[in-house]
């Protein structure tokens, strides 16, 4: 019988069906670092959304054979340590149908300057206008005819691409930063930064992408362009982004992720009160539709593993 422990069940606020194999199920709303070993004792399968699984964890829990991540990102799991100990790791994929929508919600809000206009209306500026409407400088931009640059080209980025094309945008797909050769259909990393009106970051966080966009890269972006990060905190240098926004180097930024979450120690972006900056609390994935898709895939991953047909393996 499999012993399944879900370490942070509250990450999925939706019903889960029972797996179709003999099992014992334990779940906890949240798990602090000092509670991990106690709660995983005797477990054969661990489910984690953001609770870390390290080599030390694996050494202390020799019964563990499978780690199921209830998210796409798995940077909190030491995949190399798992591989070395014969522990399989899987994630869920192409489930967050709301992320591309959230990307474009941020793009539209910033390109149409909705936060600034909302504030102006609240302060009575429309009532004082000499004409029927209220126009502020600089004028908003339309997406039609603009250039959308994609950094990362997985399933989510492809959906963002489709929405961008529906808005009449040209799409540039970035090659890996520093690559010697540019693949067919791609554009060099620097050229995407230089030539895009909107830049969407949707790549994994790893050693290659950590700090990928810092002050030098931000300096390449056009001063009226918008940067959107709905991938992972740490890909974009947040202090450099804050400085660029204050200096007027960017038209705007929409951020759904931060390096430390929750930001208990503060963050340079959270110290700003700018009309062209929107920070949302890592909720791009959040919708009933996304969670229903993810919940079914998660249980399906468990069943596939137990049946000897493991899927969505990582590492």
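Tabulated results
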item	result
Some residue of segment 153-160 being assigned to a helix (DSSP H, G or I), free of Cβ contacts under 8 Å to residues at least 12 places away in the same chain and assigned by TED's automatic domain parsing to the domain that holds residue 206	yes
2 or more residues touching a residue at least 12 places away in the same chain (Cβ under 8 Å) and closer than 22 Å to residue 14 by Cα: qualifying strands (runs of 3 or more DSSP E) within segment 27-114	45-48, 66-69
Single residue of 103, 77 found to be outside the structural domain of residue 135 (by TED's automatic domain parsing) and either farther than 30 Å from residue 252 by Cα or crowded, with 18+ Cβ neighbours inside 10 Å (or both)	77
Single unsatisfied condition, residue 299 versus (1) touching a strand residue (DSSP E or B) at 6+ places or on another chain (Cβ under 7 Å); (2) not assigned by TED's automatic domain parsing to the domain that holds residue 221	(1)
Subset tally (residues that are more than 19 Å from the chain's Cα centre (by Cα), free of Cβ contacts under 8 Å to residues at least 40 places away in the same chain and surrounded by 18 or more Cβ atoms within 10 Å (Cβ to Cβ)) for segment 250-267	1
Checklist (1) within 20 Å of residue 288 (Cβ to Cβ); (2) part of a loop (DSSP other than H, G, I, E, B) applied to residue 10, failing item	(2)
Condition check for residue 227: in contact with a helix residue (DSSP H, G or I) (Cβ under 8 Å, 6 or more places away or on another chain), free of Cβ contacts under 8 Å to residues at least 40 places away in the same chain, within 30 Å of residue 97 (Cβ to Cβ) and in the same structural domain as residue 271 (by TED's automatic domain parsing)	yes
Residues of segment 187-221 satisfying the condition of being touching a helix residue (DSSP H, G or I) at 6+ places or on another chain (Cβ under 7 Å) and within 22 Å of residue 111 (Cα to Cα)	193, 198, 199, 200, 202, 217, 218, 220, 221
Selection status of residue 289, loosely packed, with under 14 Cβ neighbours inside 10 Å, at pLDDT below 95 and assigned to a helix (DSSP H, G or I)	yes
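Residue-by-condition table, conditions (1) touching a strand residue (DSSP E or B) at 6+ places or on another chain (Cβ under 9 Å); (2) part of a helix (DSSP H, G or I); (3) not assigned by TED's automatic domain parsing to the domain that holds residue 145:
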{"site": "191", "(1), (2), (3)": "yes, yes, no"}
{"site": "203", "(1), (2), (3)": "yes, no, no"}
{"site": "208", "(1), (2), (3)": "no, no, no"}
{"site": "216", "(1), (2), (3)": "no, yes, no"}
{"site": "221", "(1), (2), (3)": "yes, no, no"}
{"site": "232", "(1), (2), (3)": "yes, no, no"}
{"site": "239", "(1), (2), (3)": "no, yes, no"}
{"site": "243", "(1), (2), (3)": "no, yes, no"}
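The values are calculated or read from the model by the stated rules, or taken from the named source; none is laboratory data. These figures come from a predicted structure and were not determined experimentally. Here Cβ is always computed from backbone atoms with ideal geometry, including for glycine, and neighbour counts include all displayed protein chains.
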